[in-house]
Amino acid sequence: MFLLRLFPPEIAHTLALNILNFLYKIGLTKILFKVPKKEKHFYFNNLTFKNRVGVAAGLDKNGDYIDALGSLGFGFIEVGTVTPVQQFGNPKPRIFRFKHQHAIINRLGFNNKGVDYLVSRIQSRSFDGVLGVNIGANKSSEGQKRIDDYVECFLKVAPYADYIAINISSPNTPNLRTLHQKENLLPLLEAMDLARVQANYSNPVFIKLSPDESNNTIFKIVDAINKFQFHGVIVSNTTLEHDQLKDSQNENISGGLSGKPLFEKSNLLLKTIHSYDSSLIKIGVGGVFNKEDFQQKIESGASLVQIYTSFIYQGPRIINKLLN
Ligand SMILES: Cc1cc2nc3c(=O)[nH]c(=O)nc-3n(C[C@H](O)[C@H](O)[C@H](O)COP(=O)(O)O)c2cc1C
């Protein structure tokens, strides 16, 4: 683990995941990393989550590490964000670590191998826990084409996804966050609703939200989610507000900020949505590093919790730390 820190972050992440895959394949992950002992199941919409801690989107964008991550004891895994066509994302470097702040800034820009590749990976998985798929649009897609991208991904992943997350909140694809505005969101949700009927999809559909929107915008989104009877929200994606990195020389690096500095902001949004609509299912994500953080997400209204940045900094032991 220590040696990995010597590499640039993106190379270190890929190396770490490949080492994990190797350890899994030779049967060592279960020996090296103890899976949680006391597990409280969570049941929702015919799905059984064996515990409430999951992998957030972006860690396994292409479904290359599902079984290895599953062997560590995660209750659920969300793969993606996937787009219809493979794309390389923004120029490197595009992941920046802020070790002292326990934070990361990324501006990857939906680099992924495309939905057909992801589907082939999902089909060959052995992981029998809950698998969510996070879907998005290609960078060059605008207007109706952008909506068509979501529809294509939805229809292709529906036969294999225990839930589908509609990602409207990545800050690194130009204009994607305009999908938070009513005039752009309603046509998208309408199209997702039709795709759901066409695919005969009765599993949950979540919308992944930005923490940088006004309450007014968020309440309108919740109303729209209810109108179409989608199941819930994932709160939240990364933030463009970097105030918490004030002391750092690198505060001007552009991209989405995750980790500890996102904790309060994403919690506030979670609480706001929960007080507006307590029956909507919420997946809490943002800055969870210890059991207290996990508990606070649950107390703020989350039924399930996801992690990304703490897994990067702490490795697999974080899962036990949160659950035992
Ligand atoms: C390097 C990196 C890549 C990410 N990629 C995605 C992505 O493709 N889709 C998505 O919905 N969220 C993505 N996220 C956001 C995470 O899923 C999560 O919402 C965010 O990092 C907050 O959680 P954390 O503080 O535990 O990291 C990414 C985050 C990071 C750090």
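Computed quantities for the displayed model
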{"quantity": "Ranked Arg125, Arg94, criterion: other C-beta atoms within 10 Å, fewest first", "calculated": "Arg125, Arg94"}
{"quantity": "Sorted by Cβ neighbour density within 10 Å, fewest at the top, the residues Val133, Val222, Val235, Val197", "calculated": "Val197, Val222, Val133, Val235"}
{"quantity": "Stretch gain in nm, segment Ser254-Ser279, where the contour uses 0.36 nm per residue and the Cα spacing is subtracted", "calculated": "5.4 nm"}
{"quantity": "Flagged links, alpha-carbon separation over 19 Å, of Lys40/Lys282; Lys61/Lys271; Lys265/Lys297; Lys61/Lys246", "calculated": "Lys61/Lys271; Lys61/Lys246"}
{"quantity": "Among Glu39, Glu152, Glu183: highest mean-square fluctuation, GNM of the chain, C-alpha pairs under 10 Å", "calculated": "Glu183"}
{"quantity": "Whole-angstrom Cα spans of segment 119-214 along principal axes, big to small", "calculated": "39, 26, 25"}
{"quantity": "Gain upon complete extension [Tyr43, Leu15; 0.36 nm per residue less C-alpha separation]", "calculated": "6.6 nm"}
{"quantity": "Hydrodynamic radius (Kirkwood) for segment 3-323, which is based on Cα pairs only, to one decimal in Å", "calculated": "19.5 Å"}
{"quantity": "Two-decimal log10 I(q)/I(0) for segment 7-105, as the Debye equation yields it once each C-alpha is a single scatterer, q = 0.14 Å⁻¹", "calculated": "-0.69"}
{"quantity": "Mean residue ellipticity (222 nm) of the chain, computed from DSSP H runs ≥ 4 via -39,500 (n - 2.57), nearest 500", "calculated": "-10500 deg cm²/dmol"}
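Bear in mind that the values in this text are calculations on the coordinates, not laboratory data. Model, not experiment: these values are computed from the prediction. Neighbour counts are summed over all protein chains in view; Cβ atoms, including those assigned to glycine, are modelled from backbone coordinates with ideal geometry.
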